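*Asks:* Dumping the structure here so I can ask a few things about it.
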Amino acid sequence: MNIPDSEVYALVVGAVTAVGVAVASLISFRATMKANQNEIRGLNSQIKFKHAAKVAEFRQAWINDLRESMAILQSIGVTPDLQHSHQTEFYRAGTKIELLMNRNDERYRKLQECMYSFLSAETVEEKYLCNAPFVSICQDILKSEWEVLKKDFDVARASLWKVYSKAGDSSRTCSWRDLIRMIYGGNCWRLTTRARAA
C-alpha cells in the first residue's frame, strides 16, 4: 500500500499540531495552577493578617480600658481629703483592673499590693508615697502588653509581606501602613494581581 506524499504530509502536520496543542494546553494548565496556588497563598496570608489585625484591635481596646481604669484609680487614690472607703468609683476602678488582669501574671500580686496601699493611706503624704510604685507597675504592665501586641502584628505582617514580595515587588519596603492600606483600603487586588503574575 502506497500512501501519497500529500497525505503523509497532512498526517505529519496534524500530528505535530496535535502535539503542539497538547503541550500548549499543558503549559497553560500548569501556569494556571501555579497562579491559583499563589492566589490561594495570598488569600490565606490576607486572612491570617486580618485575623491578627482583629486580635490586635481587641488587645488594643483592652490595653486602653486597663490604662483608663489605672488612671482613674490613681487620680482618686492621690486626691487629698478624700475618703477612699466611701468612693464607689475608686472601688469600681480597682475591681475593673483586677478583672482585666490575668491573676497568673507575675505582676498581678504587686499591682494588687499597690492598689490596696491606697486604701490604707490616711494622710496626703502616705497617698503620694503609694503613687510612684503604682504608676511604675502600671507602666511595666502596659509596656509589656504593647510589646505583645506589636509582636503579634509583626508576625502577621511578615507572613503577608512574604507573599507580597514573592509577587514580584521585593525591592520595595513595606510598612504597616502599606499593609493595612492594602488589606482594608480596597487595594487587595494589587496583591492578587501580582501573585497571578508570579
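*Asks:* Looking only at segment 77-92, which residues are assigned to a helix (DSSP H, G or I) and touching a residue at least 40 places away in the same chain (Cβ under 8 Å)?
*Replies:* 77
*Asks:* With the condition kept exactly as written, say whether any residue in segment 128-144 is among the hydrophobic types (A, V, I, L, M, F, W, C), within 23 Å of the chain's Cα centre (by Cα) and at negative phi.
*Replies:* yes
*Asks:* Looking at segment 119-138 only, could you name the residues that are out of contact with any helix residue (DSSP H, G or I) (no Cβ under 6 Å at 6 or more places or on another chain), surrounded by 13 or more Cβ atoms within 10 Å (Cβ to Cβ) and closer than 17 Å to residue 66 by Cβ?
*Replies:* Listed by number, the list holds a single entry, 135.
*Asks:* Provide a single number: the residues in segment 18-71 that are more than 30 Å from residue 99 (Cβ to Cβ), of a type in the set (A, V, I, L, M) and out of contact with any helix residue (DSSP H, G or I) (no Cβ under 8 Å at 6 or more places or on another chain).
*Replies:* The number of residues fulfilling the criteria is 12.
*Asks:* Kindly evaluate residue 119 against the criterion of being of a type in the set (A, V, I, L, M, F, W, C), at negative phi and outside any helix (DSSP H, G or I).
*Replies:* The answer is no for residue 119.
*Asks:* Given the conditions (1) over 30 Å from residue 130 (Cβ atoms); (2) of a type in the set (Phe, Trp, Tyr); (3) modelled with pLDDT of 85 or more, which single one is not true for residue 62?
*Replies:* Every condition holds for residue 62 apart from (1).
*Asks:* What single numbered condition from (1) within 17 Å of residue 135 (Cα to Cα); (2) out of contact with any His (no Cβ under 9 Å at 6 or more places or on another chain) fails to hold for residue 90?
*Replies:* It is condition (2) that residue 90 fails.
*Asks:* Do the conditions hold for residue 128, that is, is it more than 19 Å from residue 63 (Cα to Cα), aromatic (Phe, Trp, Tyr) and at pLDDT 85 or above?
*Replies:* For residue 128, the condition - more than 19 Å from residue 63 (Cα to Cα), aromatic (Phe, Trp, Tyr) and at pLDDT 85 or above - is met.
*Asks:* Right, residue 106: in a loop (DSSP other than H, G, I, E, B) and closer than 19 Å to residue 145 by Cα or not?
*Replies:* Criteria met by residue 106.
*Asks:* Going by the structure shown, is residue 95 surrounded by 12 or more Cβ atoms within 10 Å (Cβ to Cβ) and assigned to a loop (DSSP other than H, G, I, E, B)?
*Replies:* So residue 95 does not fit the description; no.
*Asks:* For segment 98-118, does any single residue satisfy the condition of being at pLDDT below 85, farther than 28 Å from residue 32 by Cα and exposed (fewer than 12 other Cβ atoms within 10 Å of the Cβ)?
*Replies:* No, segment 98-118 contains no residue that is at pLDDT below 85, farther than 28 Å from residue 32 by Cα and exposed (fewer than 12 other Cβ atoms within 10 Å of the Cβ).
*Asks:* Contact list please: Cβ distance under 7 Å, first residue in segment 55-69 and in contact (Cβ under 8 Å) with a residue 12 or more places away in the chain and part of a helix (DSSP H, G or I), second residue among the aromatic types (Phe, Trp, Tyr) and crowded, with 16+ Cβ neighbours inside 10 Å, pairs at least six apart or on different chains.
*Replies:* 56/153
*Asks:* Is it true that residue 147 is at negative phi, in a helix (DSSP H, G or I) and surrounded by 13 or more Cβ atoms within 10 Å (Cβ to Cβ)?
*Replies:* No.
The values are calculated or read from the model by the stated rules, or taken from the named source; none is laboratory data. Being a predicted model, the structure only gives us computed values, none of them experimental. Note that we place each Cβ from the backbone using ideal geometry, even for glycine, and neighbour counts take in every protein chain shown.
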